[in-house]
Amino acid sequence: MTSAVTSTAPTTAGHVHPNALAHGLRVLGDEWAMLIVQRALLGDRRYGDFKASLPISDAVLTGRLTELVDLGLLRHVPDRVGGRSSYQLDGMGRGLWPVHLLIWDWEQSWAVRDGHGLPTMRHRSCGRVFRPVLTCGSCGERADPRDMRAAWGPAGGWERSIPRAGRRRRSATRGPGRFRATMGVVASHWSLAVIVAALWGTRRYGDFQETLGMSPAILSERLKTLVAEGFLNEQPTATRADWSEYHPTPRTIAFLPVFAVMVAWAERWFGEPGGPSVVLTHSSCGDVLHPRLRCDQCRDLLVGGDVIAEEAGSGHGGDPAAYSDN
């Protein structure tokens, strides 16, 4: 993935308005928010359902549910009869199912096995166990991670694209819930920012710091973790052996489809009239990439309601909430 990052982000009186990419990184970089949405896609509705499914404290769960309702991903539905309210996915929340599906697919290939089985995904339309394939909405062909180009759009620029309100991370490098490798490392907006910067050509410590505006302590910790987890490869520079460069590994390049569908989701729900924050191009056809997921078995387009998650050993599972991208 290459990038011609040339546009600059407007600022107003010292205040930087976050763009769609910043909102996307904020949601994808909040492991608890993503895990709650994941559980909602798999059928959890009530507070007790989320509590039983996730190793989460009452304070954190209550806070995240409130934030997801305020953001518009969930809708709080009081139950006047039974006195037990529920949380239902709105369009914005349902729209995250392709992100979760591609995270599942990435974990199938790239995560270190740690004894936590992933569900089997079955395509209801053809009845087969499948894997999702990212395709270009313009030409219909597969959008390989190495066949994508990125450039800033009118609302782009690093200054506007980094969420400035972060969460304190736990010390563990393995996250909770089902997608433990992804959520433990990538579910941090600073980790995502470093990964995206590396994919766009940033290599040296000083360049990361200048580009992203990160504190030295956070940057050092993120680079160390991403190298240890196999997302970045540290190697000496050609000019000085005591200076390091950080290059994305095949494991990171394979994560690009997740980034592509996340950008599409963020632009749909947080995009600005003046234009997108990031423009992704499918190099094979030269058109803007509008991500579409297809079944690798029957090649039909996937929709959320046709994806059945079968829990390991159970032979059956719940359906992710249906989603239409029209």
**OP:** Kindly provide the set of residues from the range 114-138 that are part of a loop (DSSP other than H, G, I, E, B) and farther than 18 Å from ILE103 by Cα, ordered by number.
**Re:** ARG124, SER125, CYS126, GLY127, ARG128, GLY137, SER138
**OP:** Look through the range 76-110, keep the residues that are among the aliphatic types (A, V, I, L, M) and outside any strand (DSSP E or B), and return whichever of them is farthest from VAL261 (Cα to Cα).
**Re:** VAL81
Subject >> Scope the range 244-265; condition hydrophobic (A, V, I, L, M, F, W, C) and either in a helix (DSSP H, G or I) or in contact with an Asp or Glu (Cβ under 9 Å, 6 or more places away or on another chain) (or both); matching residues >> reply: ILE253, LEU256, VAL258, PHE259, ALA260, VAL261, MET262, VAL263, ALA264, TRP265
Original post:
Looking at this structure, is VAL5 open to solvent by 20 Å² or more (accessible area, probe 1.4 Å), β-branched (Val, Ile, Thr) and at pLDDT 90 or above?
Top reply: no
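Yes or no, residue by residue, for (1) under 22 Å from GLY156 (Cβ atoms); (2) in a loop (DSSP other than H, G, I, E, B); (3) open to solvent by 60 Å² or more (accessible area, probe 1.4 Å); (4) at pLDDT below 80:
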position	(1), (2), (3), (4)
VAL279	yes, no, no, no
SER284	no, yes, yes, no
ARG292	no, no, yes, no
CYS298	no, yes, no, no
ILE308	no, no, no, no
GLY317	no, yes, no, yes
ALA322	no, yes, yes, yes
ASP325	no, yes, yes, yes
Original post:
Looking at the range 221-240, is at least one residue acidic (Asp, Glu) and within 30 Å of PRO276 (Cα to Cα)?
Top reply: no
**OP:** Any chance you could count how many residues in the range 65-86 are basic (Lys, Arg) and either modelled with pLDDT of 95 or more or in contact with a Gly (Cβ under 9 Å, 6 or more places away or on another chain) (or both)?
**Re:** 2
Original post:
Of the residues LEU54, LEU42, LEU73, which single one is more than 25 Å from PRO257 (Cβ to Cβ) and either surrounded by 17 or more Cβ atoms within 10 Å (Cβ to Cβ) or of a type in the set (Ser, Thr, Tyr) (or both)?
Top reply: LEU54
**OP:** Can you give me the number of residues within the range 139-180 that are at pLDDT below 65 and part of a helix (DSSP H, G or I)?
**Re:** 1
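The values are calculated or read from the model by the stated rules, or taken from the named source; none is laboratory data. Please read these numbers as outputs of a predicted model, since none were measured by experiment. Virtual Cβ from ideal backbone geometry, glycine too; neighbours counted across all protein chains shown. Surface accessibility is based on the protein's heavy atoms, side chains included, excluding ligands, DNA and RNA. Shrake-Rupley method; radii C 1.70, N 1.55, O 1.52, S 1.80 Å.
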